[in-house]
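Asker: Right, I'll just put the structure down here and ask away after.
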Amino acid sequence: MIQRRIFREEHEMWRETVRRFVEKEIVPLHAQWEEEGIVPRELWLKAGEAGLLCCTVPEEYGGLGLDYLFDVVVFEELWRVGASGPGFLIHTDLVATYILSFGTEAQKRHWLPKMVRGEAIGSLGMTEPHAGSDLKAVRTRAVRDPLAAPGDNDADFVINGQKVFISNGQLCDVLVLATKTDSEAGANGVTLFLVDTATPGFNRGKNLEKLGMKAQDTSELFFEDMHVPASAMLGAEGQGFKHMMTKLSQERLA
């Protein structure tokens, strides 16, 4: 059988750098984080300073502009030592990818540099008590502000609903949120929003206990009359399900 070597010399050099970081900054403290149920923000800042977050983000948005295998090396080195606590994979391979693929220029310039530096932690808000793998069945609603003028396409959206089993849920600063903007349209009624978790109406539930991966915070999230601007929409209205389907293969690979 012919085997092709995937990783190049530069990837293996990067692996040594990542391995040193993991051995120094994560391994000695991971058992403590497992007991506490969360990884400190300080680790995210250190990882950002070391270049471990969002390796593929282009330089114009504060990243290194490297190929995907540099991110893969980071994931491999974490799991080599069983370090399931740091939710770097969700942050890097899912949230940043959604922003790069579907975000506006303003959204990219606002969030990506902060994510690269570890100053803003990303999370993916999709799973609900009634919608796990069936994402077109989400019940979290986003409706135009009823006080806005009819036909005002710049009016705020008001979001109500809940999510569950959300990785990085206790720490996240930015959330890719799946909502229903048209409850009668099935998959065509799903819309994504890029939510700043400092927004009034956003609330975190408890940090859930799990059988494993205990150091990775996994949470319930609640939205109560949370107003977000129309500019927070990620991609086009009603296209959220299609956007999510384009990313499933990469998510499953990761």
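Asker: If a residue must be under 25 Å from Val73 (Cβ atoms), open to solvent by 20 Å² or more (accessible area, probe 1.4 Å) and touching a residue at least 24 places away in the same chain (Cβ under 8 Å), how many such residues does region 217-254 contain?
Answerer: Count: 5.
Asker: Right, here's the next one. Looking at region 1-49 only, could you name the residues that are without any contact (Cβ under 8 Å) to a residue 12 or more places away in the chain, under 13 Å from Val74 (Cβ atoms) and within 24 Å of the chain's Cα centre (by Cα)?
Answerer: Listed by number, the list is empty, since nothing qualifies.
Asker: Go through region 178-199 residue by residue and tally those that are within 20 Å of the chain's Cα centre (by Cα) and not aliphatic (A, V, I, L, M).
Answerer: Total meeting the criteria: 7.
Asker: Would it be correct to say that Lys214 is assigned to a loop (DSSP other than H, G, I, E, B), touching a helix residue (DSSP H, G or I) at 6+ places or on another chain (Cβ under 8 Å) and either farther than 20 Å from Arg139 by Cβ or of a type in the set (Lys, Arg) (or both)? Lay out the reasoning, then the answer.
Answerer: On the way: assigned to a loop (DSSP other than H, G, I, E, B): yes; touching a helix residue (DSSP H, G or I) at 6+ places or on another chain (Cβ under 8 Å): yes; either farther than 20 Å from Arg139 by Cβ or of a type in the set (Lys, Arg) (or both): yes.
Yes.
Asker: Are any residues in region 42-69 closer than 13 Å to Ala96 by Cβ and part of a helix (DSSP H, G or I), and if so, which ones?
Answerer: Those that are closer than 13 Å to Ala96 by Cβ and part of a helix (DSSP H, G or I): Gly48, Tyr61, Tyr68.
Asker: Name the strands (runs of 3 or more DSSP E) wholly inside region 108-208 in which the number of residues that are open to solvent by less than 50 Å² (accessible area, probe 1.4 Å) and of a type outside the set (D, E, K, R) is 2 or more. Write out each step before concluding.
Answerer: On the way: elements: 122-125, 141-144, 157-167, 174-180, 190-196, 202-207.
Result: 122-125, 157-167, 174-180, 190-196, 202-207.
The values are calculated or read from the model by the stated rules, or taken from the named source; none is laboratory data. A quick note: this is a predicted structure, and the numbers were derived from the prediction, not measured. Backbone-built Cβ (ideal geometry, glycine too); neighbour counts: all protein chains shown. Accessible surface areas use protein heavy atoms only, side chains included; no ligands, DNA or RNA. Shrake-Rupley method; radii C 1.70, N 1.55, O 1.52, S 1.80 Å.
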